[in-house]
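Heads up, the thing below is written out as C-alpha cells.
The values are calculated or read from the model by the stated rules, or taken from the named source; none is laboratory data. Since the structure is predicted, the reported quantities are computational estimates derived from the model, not experimental observations. With ideal geometry, Cβ positions are generated from the backbone for all residues, glycine too; neighbour counts draw on all protein chains shown.
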Amino acid sequence: MQNLLHNLNPEQLAAVTLPAQSALILAGAGSGKTRVLTTRIAWLIQTAQVSPAGVLAVTFTNKAAKEMMSRLSAMLPINTRGMWIGTFHGICNRLLRAHYRDAGLPQTFQILDSADQLAAIKRLLKALNVDDEKYPPRNLMYFINGAKDQGLRAHEVEANDDYNRRFVQLYEAYDNQCQREGVVDFAELLLRTYELMSRNQPLREHYQARFRHILVDEFQDTNNLQYNWLKLMAGEHNAVFAVGDDDQSIYAFRGANVGNMVAFEREFRVQNLIKLEQNYRSHGHILDTANTLIANNSKRLGKNLRTDAGHGEPVRIYEASSDIQEAQWIIEQSKSLIGEGALRSEIAILYRSNAQSRVIEHALFTAGIPYRVYGGQRFFERAEIKHAIAYLQLMDNPHNDSAFLRVVNFPTRGIGARSIEQLQDAARQYGISLYAAVPYVAGKAGSSLGSFVKLVEGMRFETQNLPLQEMVKVMLDMSGLIPHYQTEKEGADRIENLEQLVSAAMLFVNEEGFGIDTPAFLGPKAQEVAGTPLPNGDELIDADAPLVTVMSPLSAFLSHASLEAGDNQAQAGQDALQLMTVHSAKGLEFDAVFITGLEEGLFPHENSAQEQGGLEEERRLMYVAITRAKKRLYMSFSQTRMLHGQTRYNMKSRFFDELPEAALKWLSPKVQHQWFGNKKSAWDDAPEVGANNIAQSFARKDVGWRIGETVSHQKFGEGVIVNIEGGGTNSRAHINFGKHGMKLLDLNIAKLERV
Ligand code: ATP
Ligand code: MG
C-alpha cells in the first residue's frame, strides 16, 4: 500500500492526521482542501480508526462525489461503492429511502427538480383559483424554499397580514399536494430527513453511533438547514471535519450562509483551525491576479495564498467588437493550445450566465471542435426525456399527478381538457390522486381515461422482473412515444435521445450500481458498527444486503434522473472542450481557462447591483473563475452583444481595474471608449457592507425582523420578507418587492420600516 502521507506539506499533514475532534480547514483555492479531505478519509480507514461504513462525506456535486470515490479506491484496496459519499440531497434521499415509513413517505416517492416544482405550484394555484399575478408562482416557490431552508414548516412561519397569511396557506396546500402525490422537492429532502432524525431518537442514535467521522467539502456554501442537519447527525461525540473558503462563497442567493463557518468554530468547539496557504494549482501570474482582485472585498476571514511555481504566462485580455468575434478569438486561441498539445478536456470556457453559451457553441460547432456543455439543458430536462420519465414514474408510483398530467394525453389519445377537469373535480372531491379518481368519471371521458389506466397497468405488468433497460424499452414501445416522434418533422433527434435513455439505464445499472446517490449497499454490518439495534430492524435486517430490498432499480434510476446535475450523457467520455457557468466550475481545475463576457451588467451581473453585498459576491465568483486555471488564463469582453434578442452596448467590467497590471497582457489596444466614461452606475447607490470581520459581527445583537413580515423600502416600496440569513450585523433578508422582484438586502444598512 502506498504511503498516503508522503505527498503532503506540513500543514496538510497536520490536517489529515488530526485527532478525532471537529476541525475547520480554512484555506484558499487550490491549496489542497479537497485533497486533504479525501486523504483524511483514507488515513482514518487505513489506520483502522474507522471502517468505511463509519464515514459520512458530503460533497457539493455528484461529480465531486464520484471523483472522491475513485481517488479513494486508488489509495486503498476497498470498494467505495457502498460508502456514504454524496451531496446533502443524495445522502438525504438515501436515508429517506431506507426509512420511508418513519418519514411518512411512500416507498416509491419521487423527487421534483426545480422545473417540476414550479409546474406543481402553478397547478396548485390554478386548482385553488388563485390570482397568479398577485401571487406569482415563482415568488411562492422562493417563499416555500426559503422557509424550508430555514427549517420552517408553514405553521411555523409568522405572517402578520392577509397577503402573507395567504402565502403561508399556499405553502401548506403545496405540502399537502406533494404528500398526496408522493413527491418531494429538493429542500424537502433535507427538511424531511432533519425532522425524521430529530423526532426519532433511536434512529438518530443509530446513525450517530455509526458515523463517527463526518467530513464536509465546500463548507462555506452550506445553508442553515444543512448546518443544523450536520449538528444533529454529529450529536455530542462525533468529529466533523469541515473544509472551506469564505472567498468562494457564491450561493448566498440560495440561502448559503458563510457565517456558518464562524458558528461552526464555536458550536463544534473547534480546537484545530488550520489554514493552508500554499497553492498547488496555478502559476504565479494567475494567483497574483486572484489575490489582488479578492483583496477588494471587505468581509473576509483573512488568509493568503502563495505558490512555488514561477510566474508562468501572463493573463491575456482581449477586447472584441462583438460577441461573435469574441467567440472566434476563443476558437483561435483554443486551436493553438490544442496545437501545442493541450487536451481539449483541459480547456474550459466559463461564462456568468447560461444564455451566453449559444454564440460560443455555434462557433465551436461550425469549426468542428467537440465540446461539452455542463448545466445547460440537461439530458433529463429535454421534453422527450421528461415524457418518457413521466411514464416510468407512473409505473413506479401512479399517484404522481404531475407525471399523470404530462402524459395522459401525450401522444394524443383523445383525452381533452374537459375530461381532465372532470377528473380533477373528482380527485378533489375525494381527496385522492388523479389516477385513483379515474373510476369516478363517467361517460366517454371515463372510458378513455380508463384505457390510459389500463395502458399504465399493462406497462407495469409487462415489465415485472425485467432488468431496468428492458423496462425502459418496453415503456418506449407501449407508450407510443417513438411512433409519435416519427411523424414529427424534427423528431429524429428526439428519437435518438429516447434511445439514449435505454443506454443511460444500462450504464446506470452496470457501471454505477444504483449510482452514488442511491444506495447499492448500506455498507458492512451497519448494525454491528452501530452497536445499537435499529427500531425498525425489518428494513435493515441484513445491512450488507443490496438495498434493492428497500428501493427498486427503477426508483433508484428516477432519483438519479432528478438529482444528477448537469451531465450530458450523450457526450460523456469524449475529449471535448468544457463549457460551463462559473458557478458550476466550483472545485474544478483546468490547464487553460477562458473567462468570457467580462462586461458591466453581465459580470458583475446587473441583478446583484441592487443587493447588499451583491458586488462582493460577484467578486468572489470572479475569484472562483480565475482560480480554476492552472497554466493559462484568458479574459475577454465585447463592445456589443446580442442577449435575449437585444443588442447591448456594455462597458468593460470594473474587475479589470482591480487586477495587477504586471500580470496582464492586453492583446488589443486599451482604448477608452466614450461609453467607458464615468457614468454613474447602479452600484454607486448601493452602499457596501461595512468592513467588519464576520467573527465580530456575530457577537452583536439581532435586529429582530421576521420572515413573513411586511416592510417598506424607500426605493422599492412595500415588500415581504421571505427569508433571513446570518445574524447580528451580518443579517440579510430576501425580500419580495412585487413588481421590483426579489432583493437581498443587508438589514443593518437598508432603511426598512415596518408596515
Ligand atoms: P478549491 O478551493 O478550488 O476547491 P482545493 O483547495 O480543494 O481547491 P485541491 O483541488 O484539493 O484544492 O488541490 C488543487 C490541486 O493541487 C490539485 O491538483 C491537487 O492534486 C494539487 N495538490 C494539492 N496538494 C498538493 C501537494 N501537497 N503536492 C502536490 N500537489 C498538490
Ligand atoms: Mg476543493
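Per-residue answers, yes or no, for (1) over 23 Å from Glu11 (Cα atoms); (2) basic (Lys, Arg):
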site: Ala209; (1), (2): yes, no
site: Arg212; (1), (2): yes, yes
site: Phe219; (1), (2): no, no
site: Asn223; (1), (2): yes, no
site: Tyr227; (1), (2): yes, no
site: Val243; (1), (2): no, no
site: Ile250; (1), (2): yes, no
site: Gly259; (1), (2): yes, no
site: Thr289; (1), (2): yes, no
Are there any pairs with C-beta distances below 9 angstrom linking a residue in the stretch 411-423 that is closer than 22 Å to Leu481 by Cβ to a residue that is modelled with pLDDT of 90 or more and of a type in the set (Lys, Arg), with the two at least 6 apart or on different chains, and if so which?
-> Gly414/Lys444; Ser419/Lys444
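One line per residue, one yes/no per condition, for (1) modelled with pLDDT of 55 or more; (2) basic (Lys, Arg); (3) under 30 Å from Glu205 (Cα atoms):
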| site | (1), (2), (3) |
| --- | --- |
| Val472 | yes, no, no |
| Asn510 | yes, no, no |
| Gly531 | no, no, yes |
| Met551 | yes, no, yes |
| Met580 | yes, no, no |
Out of (1) within 16 Å of ligand 2 (Cβ to nearest atom); (2) crowded, with 19+ Cβ neighbours inside 10 Å, what's the single condition that is false for Ile286?
-> (1)
Residues that are within 16 Å of ligand 2 (Cβ to nearest atom) and within 19 Å of Arg316 (Cα to Cα), drawn from the stretch 585-620 | Glu589, Phe590, Val593
Qualifying position, being over 27 Å from the mean Cα position of the chain (by Cα), polar (S, T, N, Q) and farther than 19 Å from Ser562 by Cβ, among Gln169, Gln150 | Gln169
Among (1) within 16 Å of ligand 2 (Cβ to nearest atom); (2) over 18 Å from Arg212 (Cα atoms); (3) of a type in the set (Ser, Thr, Tyr) - the single one Thr38 does not satisfy = (2)
Of the candidates Leu196, Leu189, the one satisfying the condition of being in a helix (DSSP H, G or I) and surrounded by fewer than 23 Cβ atoms within 10 Å (Cβ to Cβ) is Leu196
Grab the strands (runs of 3 or more DSSP E) fully contained in the stretch 303-374, keeping just those with 1 or more residues being closer than 23 Å to Arg619 by Cβ and more than 23 Å from the chain's Cα centre (by Cα).
-> 315-322
Would you be able to say whether some residue in the stretch 42-56 is away from ligand 2 (no atom under 13 Å from the Cβ) and free of Cβ contacts under 8 Å to residues at least 24 places away in the same chain?
-> yes
From Leu394, Leu405, which residue is surrounded by 21 or more Cβ atoms within 10 Å (Cβ to Cβ) and at pLDDT 90 or above?
-> Leu394
Of all residues in the stretch 315-347, how many are of a type in the set (S, T, N, Q), touching a residue at least 60 places away in the same chain (Cβ under 8 Å) and out of contact with any Asp or Glu (no Cβ under 6 Å at 6 or more places or on another chain)?
-> 5
Could you check Arg358 against (1) at pLDDT 90 or above; (2) surrounded by fewer than 18 Cβ atoms within 10 Å (Cβ to Cβ); (3) over 21 Å from Leu124 (Cβ atoms); (4) among the charged types (D, E, K, R) and say which number it fails?
-> (1)
Considering (1) at pLDDT 90 or above; (2) under 21 Å from Arg180 (Cβ atoms); (3) touching a helix residue (DSSP H, G or I) at 6+ places or on another chain (Cβ under 6 Å); (4) not in a helix (DSSP H, G or I), say which one Gly151 fails and leave the rest.
-> (2)
The lone condition Leu215 fails out of (1) free of Cβ contacts under 8 Å to residues at least 24 places away in the same chain; (2) buried (at least 23 other Cβ atoms within 10 Å of the Cβ) is (1)
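Search the stretch 205-232 for residues being among the aromatic types (Phe, Trp, Tyr) and away from ligand 1 (no atom under 16 Å from the Cβ), and hand back the single one that is nearest to Pro52 (Cα to Cα).
Let us first name the residues in the stretch 205-232 that are among the aromatic types (Phe, Trp, Tyr), namely 207, 211, 219, 227, 229.
So of that shortlist, the ones also away from ligand 1 (no atom under 16 Å from the Cβ) come out as 207, 211, 227, 229.
Values: Tyr207: 14, Phe211: 10, Tyr227: 23, Trp229: 21 Å.
Taking the candidates together, the pick is Phe211.
Scan the stretch 95-144 for residues that are of a type in the set (Phe, Trp, Tyr) and closer than 26 Å to Arg166 by Cα and report the count. I'd like the intermediate steps shown before the answer.
As a first pass, look at the stretch 95-144 and keep what is of a type in the set (Phe, Trp, Tyr): 100, 109, 135, 142-143.
Subsequent filtering for residues that are closer than 26 Å to Arg166 by Cα retains 135, 142-143.
Matching residues across the stretch 95-144 total 3.
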Breaking point among (1) over 22 Å from the mean Cα position of the chain (by Cα); (2) within 16 Å of ligand 2 (Cβ to nearest atom); (3) modelled with pLDDT under 95; (4) in a loop (DSSP other than H, G, I, E, B), for Arg281 | (3)
